[in-house]
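Worksheet for the structure shown next.
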Amino acid sequence: MIVKLNDHASPAAKSAILETLARQDYSTRRVSLPFGDFIVGLGDGAGDTTALAALEGVAWARRGAERAVLAGIDASTSRTEVPLGRTSIGGAALAVIAGPCSVEDRDQISTCARFVAAYGATALRGGAFKPRSSPYAFQGLGHEALEMLAEAGKNTGLPVVTEVMEPGEVEPMAPLVDCFQIGARSMQNFPLLREVGRAGKPVLLKRGPSSTMKEFLLSAEYVLLEGNPHVILCERGIKTFETATRNTLDLNAVPVLKAQTHLPVVVDPSHGTGRRDAVIPMARAAVAAGADGLIVEVHPDPARALSDGDQSLTLAQFRTLVEEIRPVAEAVGRRVEATPVPNFGEPRSSGRRRGTGWGAGD
């Protein structure tokens, strides 16, 4: 049961609401968010929404067991904008989060960060802990990669987005991370969702490959329930019968979610397709569908990437992506703020591996 308080609810009115919910066998929690103050009844109580709504100080009362309420479109009178670095996600400007699937060495992430910063990225992504389908595949460099990623972000002025996999990693990662990514495999890791909710930092929540949009929004509800309003929803493709692409990028999700939630929605065409040649066309389509931003994988030398090379854009292709989404964004009333730097130069890949440099030149 979720009760939204009106702006003038007195302490006595709040106490009466708490007592009423307790009598109905709910445990209660107060949740304060930018779009309202709420009293939440947790459990399987037999609450009467009509009776609760009639109490002094109540704006409305709704059952939350079967649907997201705090994430629901009518929980807020305006769309949520999530601050991230010098900009926000959900406003007029289109967010572009870019970087490699995995941080492989200092030169690789530094080269990539400098390039994507120069050509339009608003945040830097990179994997430190890599959950892979095979236990034999590259699993990431862990905390060593976090240090490299944070350094690259600081040097370029880009906020850092990276995946967290375990509740116990949230606190040690927090000083190095600007936005926690919850991967598709972790969308229903409820202890992890609660922990990133308590951390208070922005959370980029990816949709599970077999989850419905209802389940997706209920996962977001876990973060909001901890008092963290900074949730970004990410559509990254779902499992279907099709095998020509890694996943089926469900762009239906963008307008459908926009009709159901006030939270911003971004799209990941890299994981959504698994094909480098499809990333830019689907990025254009995502912007046209109303996405608030994109998250794309970019690598100085995708052919030698330790993970997801087939879906990673080259540095030159990332520049093309930014150039091609700009007119689409303008056509739907959005803008791409960054202006490409024409003389930045193309980093030259030496084909070297971890610890030996990427031969970047500028």
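Listed values, structure above:
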| item | result |
| --- | --- |
| Burial ordering of ARG67, ARG125, fewest other beta-carbon atoms within 10 Å first | ARG67, ARG125 |
| Residue of THR243, THR49, THR273 that the Gaussian network model of the chain assigns the largest fluctuation, springs spanning Cα pairs under 10 Å | THR243 |
| Taking GLU81, GLU171 and counting other C-beta atoms within 10 Å, the order from fewest to most | GLU171, GLU81 |
| Cα-projected label distance for ALA46 with SER210, points at 7 Å along beta-carbon direction, nm | 3.7 |
| Of (1) 20.3, 66; (2) 21.5, 70; (3) 23.0, 75, the label for Rg and Dmax of the Cα atoms in Å derived from the coordinates | (2) |
| Between helix 315-331 and the chain: long-axis angle, C-alpha atoms, 0 to 90°, nearest 10 | 50 |
| Residue with peak Gaussian network fluctuation, the chain [Cα springs, cutoff 10 Å], from ASP277, ASP48, ASP268 | ASP48 |
| With Cα atoms, 0 to 90° folded angle of helix 143-156 axis to the chain main axis | 80 |
| Angle in degrees between helix 213-225 and the longest Cα principal axis of the chain, rounded to the nearest 10 | 70 |
| Using a Förster distance of 35 Å, the FRET efficiency for GLU144-GLU66 (Cβ separation, nearest 0.05) | 0.20 |
| For the chain, share of DSSP beta bridges that run antiparallel, in % to the nearest 5 | 40 |
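Laboratory data are not the source of any read-out in this text; all were calculated from the coordinates shown. This one's a predicted model, so the numbers in the text were calculated from it and none came from an experiment. Counting neighbours? That spans all protein chains shown, and the Cβs are built from the backbone with ideal geometry, glycine included.
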